[in-house]
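**Q** The following block contains the structure, expressed as structure tokens.
The values are calculated or read from the model by the stated rules, or taken from the named source; none is laboratory data. As the structure is a prediction and not an experimental result, all values here were calculated from the model. Heads up, the Cβs are rebuilt from the backbone with ideal geometry, glycines too, and the neighbour counts pull from every protein chain shown.
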Amino acid sequence: MVALGIINVPAALAQARSSEVSYSQFLQDIKQGKVAKVDIYPEQNLAKFQLKGQKDSNPPQEVVLFDRNVELVELLRRSKADFTIVPTSSDSAVIGLVSNLMLGFFLLVLFLLIMRRTANAPGGPGQILNFGKSRARFQMEAETGVGFNDVAGIEEAKEELQEVVTFLKKPEKFTAVGARIPKGVLLIGPPGTGKTLLAKAIAGEAGVPFFSISGSEFVEMFVGVGASRVRDLFKKAKESAPCLVFIDEIDAVGRQRGAGIGGGNDEREQTLNQLLTEMDGFEGNTGIIVIAATNRPDVLDSALLRPGRFDRQVTVDLPTFNGRLQILDVHARGKKVDEDVSLEVVARRTPGFSGAELANLLNEAAILTARRRKPAITNVEIEDAIDRVTIGMTLTPLLNSKKKWLIAYHEVGHALLMTLLKHTDPLNKVTIIPRSGGVGGFAQQVFDEERVDSGLYSRAWLLDQITILLGGRAAEVEIFGESEVTIGASSDLRAVANLAREMVTRYGMSDLGHLALEAPGHEVFLGRDLMPRSEYSEEVAVQIDRQVRQIVTHCYDVARKLIREHRQAMDRLVELLLEKETIEGDEFRKLVRQHTTLPVKEPAALVVATSAN
């Protein structure tokens, strides 16, 4: 059994402090002549002394002194004791100096770390001296993974740009007959038509150094930076010639000069002036081809568009049926599509779709297929994807309420006129399943593809289209009365007003004669046309309003008359729509035939548009 030793803490502390004496005892020992040697440490207010007869091996005794000890020194002299004042180094000063040095070193390291990080950040403080450098991405051997085989639906543009690539690879083929390399190619077209994709294809096909930059990257808040970046870009391009320079969204820097309140943006104009000089100035840029893309050619400066700068302007328009079919083939390669799905039918169902929208359509169909746990994309997913892209996401169906009845009559009013009118296009389907964006239901038309592609619409077709748009309001009035009319037809009425006014003021389809009284698109551009000039007198304006009202009133009367005459068919169709929530066009036309002697409009092509409420 081990005995635990217990330490007496007070006794230990007393033993440790046995060498310390009080100041009064110290003075008394000095007076009595007992003190042999004293060492005074003024910085520490401490004195160490040895008594006479004390062995040297014994530690000296200590006493704490006061701040002022004048009588102590005098007393030590009288007692003839050996005393020494020990000068000690200023530890506090040393510690303060070391701490200041360490703080300064830490701040210096922190500053260097911040500068190193910001030096790599675009636009950071560390790039103040590099603001004038071009930010163009450079590829010596452009490997974008995209070639002309991956670009579909824009064959004319591909042919134009294929010549540019051939000129870069085999210039002797053209120079032998005196041809000159084009300095610039401007790609013009709506968003999503494949302009940037064409630039990537050129980079992949050309095999020459390739610079790519966005127009907005030239413009900075500092004056002169944009012009400096243009100079630096073309300097690098000259060193790598022959090469391609691609400027995306060039309208960000190439807007018309002198347009705007106060003379416009000087920085943007300086940048544009430098770009004009570099493209066709005193110094030639042999071997440099500039390819630019924009969807706003109307705002570009005329000096930028002239030959010698942009020798070619290639229009990348919305694809036709064949183009849409080719685009769908490209985007369907990596997707599992059911054998029953006909891409030709999908292409006919999507007039006005751009390449990006077609790609998004197939992607939405694939997402719906995965969500429904199907092995492949079917026609149902394609249909739902088209509706989702064009109209919106499906919401929970309405309960059987007055609102549901009103929406059903409204949509059947549109659908019935699509079926009965002579010069319109037939119905594809009608539904009362609500969609995101406040759409309570919609009726889809099957538009004629040749009319859509050509853009030629007759006066009879326009009048029937206005009548269809007014069909929802006419049905509400005939069924529920004037007092129960809702705001559900607000979007229809806006479309009616725009279409009727264009018939009078732009198309010459009224009693005012064959005159174009308004130019299309009175848009305020950079301060210009801030106060648009009237193109006709007040008297003519009154006549225009009268003609617009006359057209709308006539079409509204026709819509109410047809709905009133086919009230029985309408009630039956509404009951069926409330039951099934969606009626396909063939079933709808079959029911209409049972209640009318008028010819029913049959679909000639599968081109779909929507009248939604």
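**Q** (1) assigned to a helix (DSSP H, G or I); (2) surrounded by fewer than 11 Cβ atoms within 10 Å (Cβ to Cβ); (3) at pLDDT below 70: which one isn't true of residue 68, the others all being true?
**A** (1)
**Q** Go over the candidates 452, 477, 439, 485 one by one and state the one that is of a type in the set (A, V, I, L, M, F, W, C), in the same structural domain as residue 542 (by TED's automatic domain parsing), surrounded by fewer than 24 Cβ atoms within 10 Å (Cβ to Cβ) and closer than 18 Å to residue 562 by Cβ. Show your work before the answer.
**A** Numbers: 452 fails: closer than 18 Å to residue 562 by Cβ; 439 fails: closer than 18 Å to residue 562 by Cβ; 485 fails: closer than 18 Å to residue 562 by Cβ.
The unique qualifying residue is 477.
**Q** If you scan the range 390-408, which residues turn out to be under 31 Å from the mean Cα position of the chain (by Cα) and surrounded by 17 or more Cβ atoms within 10 Å (Cβ to Cβ)?
**A** 390, 391
**Q** Look through the range 329-354, keep the residues that are in contact with an Asp or Glu (Cβ under 9 Å, 6 or more places away or on another chain) and assigned to a helix (DSSP H, G or I), and return whichever of them is nearest to residue 293 (Cα to Cα).
**A** Applying the filter and picking the extreme gives 330.
**Q** Quick test of your reading of the structure: residue 187 fulfils all but one of (1) surrounded by 18 or more Cβ atoms within 10 Å (Cβ to Cβ); (2) at pLDDT below 80. Name the failing condition by number.
**A** So the condition that residue 187 fails would be (2).
**Q** Condition test on residue 195, is it charged (D, E, K, R), touching a Leu at 6+ places or on another chain (Cβ under 6 Å) and in contact (Cβ under 8 Å) with a residue 60 or more places away in the chain?
**A** yes
**Q** State whether one or more residues within the range 409-421 are in the same structural domain as residue 590 (by TED's automatic domain parsing), of a type in the set (D, E, K, R) and within 38 Å of the chain's Cα centre (by Cα).
**A** Within the range 409-421 (the criterion being in the same structural domain as residue 590 (by TED's automatic domain parsing), of a type in the set (D, E, K, R) and within 38 Å of the chain's Cα centre (by Cα)), the answer is yes, since at least one residue qualifies.
**Q** Moving to a separate point now. Looking only at the range 169-203, which residues are closer than 23 Å to residue 238 by Cβ, out of contact with any strand residue (DSSP E or B) (no Cβ under 7 Å at 6 or more places or on another chain) and part of a helix (DSSP H, G or I)?
**A** Across the range 169-203, the qualifying residues are 169, 172, 174, 175.
**Q** Same structure, new question: Restricting attention to the range 366-374, does a residue exist that is basic (Lys, Arg) and under 13 Å from residue 322 (Cα atoms)? Break it down stepwise before answering.
**A** Let us first name the residues in the range 366-374 that are basic (Lys, Arg), namely 371-374.
From the residues that got through so far, the ones that are under 13 Å from residue 322 (Cα atoms) too are none.
There is no residue in the range 366-374 that is basic (Lys, Arg) and under 13 Å from residue 322 (Cα atoms).
**Q** Could you please find all residues in the range 46-65 being farther than 17 Å from residue 32 by Cβ and modelled with pLDDT of 75 or more?
**A** Filtering the range 46-65 for residues farther than 17 Å from residue 32 by Cβ gives 46, 48, 55-60, 62, 64-65.
Listed by number, the residues that qualify are 46, 48, 58, 59, 60, 62, 64, 65.
**Q** Applying the selection to the range 452-471, what residues are assigned to a helix (DSSP H, G or I) and free of Cβ contacts under 8 Å to residues at least 12 places away in the same chain?
**A** Hit for the range 452-471 is 454, nothing else.
**Q** Any residue at all in the range 469-478 that is modelled with pLDDT of 90 or more and farther than 24 Å from residue 601 by Cα? Break it down into steps so the answer makes sense when it comes.
**A** Taking the range 469-478 as the starting set, the residues that turn out to be modelled with pLDDT of 90 or more are 469-478.
If we keep only those that are farther than 24 Å from residue 601 by Cα as well, we get 477.
Scanning the range 469-478 turns up at least one residue that is modelled with pLDDT of 90 or more and farther than 24 Å from residue 601 by Cα.
**Q** Continuing with the same structure: Applying the selection to the range 151-167, what residues are more than 16 Å from residue 311 (Cα to Cα) and either surrounded by fewer than 19 Cβ atoms within 10 Å (Cβ to Cβ) or out of contact with any helix residue (DSSP H, G or I) (no Cβ under 6 Å at 6 or more places or on another chain) (or both)?
**A** If the condition is that a residue be more than 16 Å from residue 311 (Cα to Cα) and either surrounded by fewer than 19 Cβ atoms within 10 Å (Cβ to Cβ) or out of contact with any helix residue (DSSP H, G or I) (no Cβ under 6 Å at 6 or more places or on another chain) (or both), then 154, 155, 156, 166 are the ones that fit.
**Q** Going by the structure shown, is residue 194 under 30 Å from the mean Cα position of the chain (by Cα), assigned by TED's automatic domain parsing to the domain that holds residue 294, more than 24 Å from residue 302 (Cβ to Cβ) and buried (at least 22 other Cβ atoms within 10 Å of the Cβ)?
**A** Judged against the criteria, residue 194 is a match.
**Q** On the basis of being more than 30 Å from residue 352 (Cα to Cα), at pLDDT below 85 and touching a Gly at 6+ places or on another chain (Cβ under 7 Å), does residue 288 make the cut?
**A** Numbers: more than 30 Å from residue 352 (Cα to Cα): yes; at pLDDT below 85: yes; touching a Gly at 6+ places or on another chain (Cβ under 7 Å): no.
Against the criterion (more than 30 Å from residue 352 (Cα to Cα), at pLDDT below 85 and touching a Gly at 6+ places or on another chain (Cβ under 7 Å)), residue 288 does not qualify.
**Q** When the residues of the range 334-367 are filtered to those that are at pLDDT 85 or above and basic (Lys, Arg), which remaining residue is nearest to residue 198 (Cα to Cα)?
**A** The selected residue is 335.
**Q** Looking at 548, 574, 504 in this structure, which one is assigned by TED's automatic domain parsing to the domain that holds residue 464, under 17 Å from residue 415 (Cβ atoms) and at pLDDT 90 or above?
**A** 574 is the lone residue from the list that is assigned by TED's automatic domain parsing to the domain that holds residue 464, under 17 Å from residue 415 (Cβ atoms) and at pLDDT 90 or above.
**Q** Here is a check on your reading of the model: is residue 310 without any contact (Cβ under 8 Å) to a residue 40 or more places away in the chain, buried (at least 17 other Cβ atoms within 10 Å of the Cβ), assigned to a loop (DSSP other than H, G, I, E, B) and on the phi < 0 side of the Ramachandran plot? Spell out the reasoning first.
**A** Values: without any contact (Cβ under 8 Å) to a residue 40 or more places away in the chain: no; buried (at least 17 other Cβ atoms within 10 Å of the Cβ): yes; assigned to a loop (DSSP other than H, G, I, E, B): yes; on the phi < 0 side of the Ramachandran plot: yes.
Considered against the rule, which asks whether it is without any contact (Cβ under 8 Å) to a residue 40 or more places away in the chain, buried (at least 17 other Cβ atoms within 10 Å of the Cβ), assigned to a loop (DSSP other than H, G, I, E, B) and on the phi < 0 side of the Ramachandran plot, residue 310 comes out as no.
**Q** Then there is this: Applying the selection to the range 566-583, what residues are in a helix (DSSP H, G or I) and in contact (Cβ under 8 Å) with a residue 24 or more places away in the chain?
**A** 567, 568, 569, 570, 573, 574, 577, 578
**Q** Looking at 387, 448, which one is under 28 Å from the mean Cα position of the chain (by Cα), among the acidic types (Asp, Glu) and within 27 Å of residue 331 (Cα to Cα)?
**A** Only one candidate qualifies: 387.
**Q** Within the range 289-307, how many residues turn out to be outside any strand (DSSP E or B) and of a type in the set (Val, Ile, Thr)? Step through it out loud before you land on a result.
**A** Looking only at the range 289-307, we keep the residues that are outside any strand (DSSP E or B), and these are 295-299, 301-307.
Subset that is of a type in the set (Val, Ile, Thr): 299.
Result for the range 289-307: 1.
**Q** Then there's this: Hey, residue 490 hits all of (1) surrounded by fewer than 19 Cβ atoms within 10 Å (Cβ to Cβ); (2) among the polar types (S, T, N, Q); (3) not in a helix (DSSP H, G or I) but one; which does it fall short on?
**A** For residue 490, the failing item is (3).
**Q** Any residue that is closer than 30 Å to residue 324 by Cβ and buried (at least 19 other Cβ atoms within 10 Å of the Cβ) - is there at least one of those in the range 231-245?
**A** yes
**Q** Given the options 101, 129, 107, name the one that is modelled with pLDDT under 75 and either in the same structural domain as residue 217 (by TED's automatic domain parsing) or not in a loop (DSSP other than H, G, I, E, B) (or both).
**A** Selected residue: 129, the only one of 101, 129, 107 that is modelled with pLDDT under 75 and either in the same structural domain as residue 217 (by TED's automatic domain parsing) or not in a loop (DSSP other than H, G, I, E, B) (or both).
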